[in-house]
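Q: Got a structure for you, questions after.
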Amino acid sequence: MPGRSGRQPRPRRSRPAGHLLGRPEPDLAHANAHSVKPSRLEKRRTTSNPGPVSSRVPPTHRRQRRRAADVSFVLDQLPSKWDGSGLIDRSRIAMVGQSIGGAAALATMVKNSRVRAGIDMDGSTYARIPKSGFSRPFMFIGSEQHVPGGPTPTWDRDWKLLTGWKRWIVLAGAEHESCTDTPLLSGALGIKPVYGVLSGKRSAEIIRTYVAAFLDQHLQARRQTLLDKPSTQYPEVKLCPENCGRS
């Protein structure tokens, strides 16, 4: 139906349920993340003037920038306009994302110092880290396309500029969707598992464990030795660049 203005609402880009559910719970618990109505984000986008956008900027770059701007907007609004703002610990905010969301996590942190730590799950990055380096905790975790010297080189580029605590984790047998609930839903959809690909149950266990460990260490000050060396419990996990290479 037409909106209040009499114009037909524009369709919005949507994501399947698998992309919305496959997130470890700890990132919400530690970061005290809360939702803001999409209409507010849309209002900010339509009322602000971001200036001309070059047609040469790839769509993925623009989406990453917009998501980073949205997160900054949320961080502006929650402490000042939300009734429960007293529940927010502003010193313990982290951002975790998959694919373009992971790229947006790094882009947000480069521009916004309020985000204390971040994780990119299998997302090629587009934000440019200053040549002076970036010192806040950051972790890459993803599929084998992101091995050092592999087909997706952005992590190689950024790794050299991360000057603080950092980890680069590659999961043997993982795919791009392994950081979502899509593999977990495949059985219900009648999709047969692919030989050699990490099962949905196993990939979810690994992702949840390592994300929780990262957040516990950097937001709760609880040292996590799991992040320091290879684990016999999780042999699929390769700590790069020392313990993994292009396959």
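Q: When the Debye formula is applied to the Cα atoms of segment 207-247, each taken as the same point scatterer, what base-10 log of I(q)/I(0) results at q = 0.22, 0.28, 0.30 Å⁻¹?
A: Log10 of I(q)/I(0), two decimals: -0.76, -1.01, -1.07.
Q: Counting pairs of alpha carbon atoms under 8 Å apart in space and at least six apart in sequence, what relative contact order in percent does segment 114-189 give?
A: 33 percent
Q: Note down the relative contact order for segment 83-146 as a percent, whole number, built from C-alpha pairs under 8 angstrom at least six residues apart. Could the numbers behind the result be given before it?
A: Values: 102 pairs, mean separation 19.5, N = 64.
Reported as a whole number, the value is 30 percent.
Q: Sorting 171, 185, 87 on the 10 Å Cβ count, fewest up front, what's the list?
A: Neighbour counts put them in this order, fewest first: 87, 185, 171.
Q: Now a separate question. At R0 = 25 Å, how high is the FRET efficiency between residue 163 and residue 114 if r is their beta carbon distance? Nearest 0.05 is fine.
A: According to the calculation, E is roughly 0.80.
Q: Sorted from fewest to most neighbouring beta carbons within 10 Å, what does the list 67, 222 look like?
A: Exposure proxy ranking, most exposed first: 222, 67.
Q: Quick check on the exposure proxy: order 234, 195, 126, 210 from fewest to most C-beta atoms within 10 angstrom.
A: On the way: 234 16, 195 5, 126 19, 210 24.
Ranked by crowding around the Cβ, least crowded first: 195, 234, 126, 210.
Every number in this text was worked out from the coordinates using simple rules, so none of it is lab data. Every value quoted in this text rests on a predicted model; they were computed, and no experiment measured them. All Cβ positions, glycine included, derive from the backbone under ideal geometry; neighbour counts span all protein chains shown.
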